[in-house]
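Remarks on the structure that follows.
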Amino acid sequence: MSDAAFETPVALRLDRLDTRLRLVAVLACVIAILSVRSPWVLAGLLPVALATTGLCGLGARAVLARLAHVEGFLLVLALLLPLTVPGETWATLGPLTLSEPGVERASMVLLRVNLCALAVLTLLGGLEPVRLGHALARLGMPRKLVHLLLFSARWVALFRAEAARLDDALRARAFRPRTSLHTLRTLAHFTGQLLVRAFERAERVDEAMRCRAFSGRFAMVADERPGGYDAIFAAGLAFGLALPILVDRLI
Amino acid sequence: MAHIPDGVLSAPVLIGGAALALGGLALGLRRLDEADIPKTAILATVFFVASLFAVPVGPSSIHLLLSGLMGIVLGTRAIPAVFVGLLLQAVLFGFGGLTSLGVDVVDIAFPGVILGVVARSLLRGASGAGAAAIGGGAAALSVIGTAGCVSLALALSSADYLPSLKIVGLTYLPLAAVEAIVTGFVVAFLVRVKPEVLALEDREGEPA
């Protein structure tokens, strides 16, 4: 992530913030978004959220790809709610009638989900898992869970490379995934092989770590301290979240 | 599909899900020996990586959950493993919900763990086709369990979702079928190639 961050000038440098503040901030954003009850206030927040992604240096393409993924999940709900929720007719499309409460409900869900997704993408996107682990440990997450996270984060890249090698081997043998039993069996052997290799590697890692006197405890090296930048960001965010909630309660 | 994003569920459901997930995490962590963490993490990572691959189904494609297989291999430790996987997904790829993390952990991990534990006891002594059938059955039922949990979370959140649930439920059927076949083959493969992977928990005594 850091490469891109250095190349383009970015107005809001989230990577300069204390990671703990980023975690608290994203939670505050999501809870604030969920507590707004008026669809108009939420709709007003959408351009603000999109502008913020720009300020943080996220490309439009990354944002769209992320939102498209969310839309996939929501399509079913968003299409069905206007048709299935009983209430006054809002519009008719041939044989289909869209009910007013249904449309309202669907647009609320769509706005909330998209805004929350934008908040998570903006505030957590590009956060290195190691920093996440250390910040969570300092926020009081159990040590075992933190270790599990740190180890997993370390190995995701490694096993993606291993999976890519197996995938190369498959394609070198002219394998094309299709809807067939052969594809599923191949995928199963692929997964099984990945598990076997991982298991053998895990045993070696385990022995190597025991040889180096690993007792199940990592030294947590974290030197992050909140500074002036964090204070300004926190104040700005508090204002930015309080305003829509206030407007929502007053109208 | 099993990941419910932020903004869909109601607050009581989110809190209930988080409480259940915390209970499950506590249980899973208690059974997780500190020296066993690297091994659990490596296996958890594989499930995470394997689920990134898209399986073509007709004109569309689906991603595997592999929750049944996780339950079989990791037992109750699958709960912290799923939690870590979902957290990493949120950070590395930017998807999944934060407030719905608890509900998502319950939806995905709980059915897998319960069926995995049942399947493990049945797998003792089974071989070949029998092992494949047990693995496949556990995987299909885990996906159906996940569909049930997702539907329940939606139904408890708002009565407006009720009419949509049938269609949401239907989208899980192809996944259940694909998971059953893949997991069946994986279990048969492991029985033949490396049964130690399936016997992971025997060392420490009875699985939960």
(message) Every residue in the stretch A:119-139 that is more than 9 Å from chain B (Cβ to nearest Cβ) and either within 17 Å of A:Arg225 (Cα to Cα) or at pLDDT below 85 (or both), please.
(response) A:Val130, A:Arg131, A:Gly133, A:His134, A:Ala135, A:Ala137, A:Arg138, A:Leu139
(request) Determine whether A:Pro47 is more than 13 Å from chain B (Cβ to nearest Cβ), open to solvent by 40 Å² or more (accessible area, probe 1.4 Å), over 30 Å from A:Ala219 (Cβ atoms) and assigned to a helix (DSSP H, G or I). (result) yes
(request) For A:Leu158, state whether it is without any contact (Cβ under 8 Å) to a residue 60 or more places away in the chain and either open to solvent by 90 Å² or more (accessible area, probe 1.4 Å) or at the interface with chain B (Cβ under 7 Å from one of its Cβ atoms) (or both). (result) no
(request) Among the residues of the stretch A:202-220, write down those that are in a loop (DSSP other than H, G, I, E, B), loosely packed, with under 14 Cβ neighbours inside 10 Å, free of Cβ contacts under 8 Å to residues at least 24 places away in the same chain and facing chain B (nearest Cβ under 8 Å). (result) A:Ser215
(request) Those residues that are farther than 24 Å from A:Gly44 by Cβ and assigned to a helix (DSSP H, G or I), I need them from the stretch A:74-125; list them, please. (result) A:Leu75, A:Val76, A:Leu79, A:Leu80, A:Leu83, A:Thr84
(request) Please state which of the following conditions B:Ile4 fails to meet, knowing it meets all the rest: (1) closer than 18 Å to B:Thr183 by Cβ; (2) among the hydrophobic types (A, V, I, L, M, F, W, C); (3) in a loop (DSSP other than H, G, I, E, B). (result) (1)
(request) Filter the stretch B:4-59 down to the residues that are more than 7 Å from every other protein chain (Cβ to nearest Cβ), modelled with pLDDT under 85 and under 28 Å from B:Ala155 (Cα atoms), then identify the one that is most open to solvent (accessible area, probe 1.4 Å). (result) B:Ser51
(request) Answer yes or no: is there a residue in the stretch A:93-115 that is touching an Asp or Glu at 6+ places or on another chain (Cβ under 6 Å) and either surrounded by fewer than 19 Cβ atoms within 10 Å (Cβ to Cβ) or closer than 20 Å to A:Ile33 by Cα (or both). (result) yes
(request) Please name all residue pairs, on different chains or six or more residues apart, with Cβ atoms under 6 Å, provided the first residue is in the stretch A:227-251 and is under 23 Å from A:Cys56 (Cα atoms) and the second residue is assigned to a helix (DSSP H, G or I). (result) A:Tyr229/A:Arg16; A:Asp230/A:Leu21; A:Leu237/A:Ala25; A:Leu241/A:Ala32; A:Pro244/A:Val41; A:Pro244/A:Leu45
(request) Check whether at least one residue in the stretch B:110-131 is assigned to a helix (DSSP H, G or I), closer than 23 Å to B:Leu32 by Cα and of a type in the set (Lys, Arg), and report yes or no. (result) yes
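Okay, residues lined up against (1) of a type in the set (Phe, Trp, Tyr); (2) open to solvent by 10 Å² or more (accessible area, probe 1.4 Å); (3) more than 16 Å from the chain's Cα centre (by Cα):
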{"position": "B:Phe93", "(1), (2), (3)": "yes, yes, yes"}
{"position": "B:Ala109", "(1), (2), (3)": "no, no, no"}
{"position": "B:Leu122", "(1), (2), (3)": "no, yes, yes"}
{"position": "B:Ala138", "(1), (2), (3)": "no, no, no"}
{"position": "B:Cys149", "(1), (2), (3)": "no, yes, no"}
{"position": "B:Glu179", "(1), (2), (3)": "no, no, no"}
{"position": "B:Phe185", "(1), (2), (3)": "yes, yes, yes"}
{"position": "B:Lys194", "(1), (2), (3)": "no, yes, yes"}
(request) Mind listing just one residue for me: the one in the stretch A:185-201 that is surrounded by fewer than 22 Cβ atoms within 10 Å (Cβ to Cβ) and more than 12 Å from A:Leu166 (Cα to Cα) and, of those, farthest from the other protein chains (Cβ to nearest Cβ)? (result) A:Glu200
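The values are calculated or read from the model by the stated rules, or taken from the named source; none is laboratory data. Fair warning: this is a prediction, and the values are worked out from it, not measured in the lab. For neighbour counting, all protein chains shown are included, and Cβ atoms are generated from backbone atoms with ideal geometry for every residue, glycine included. Just the protein is used for accessible areas: all its heavy atoms, side chains included, with ligands, DNA and RNA removed. Shrake-Rupley method; radii C 1.70, N 1.55, O 1.52, S 1.80 Å.
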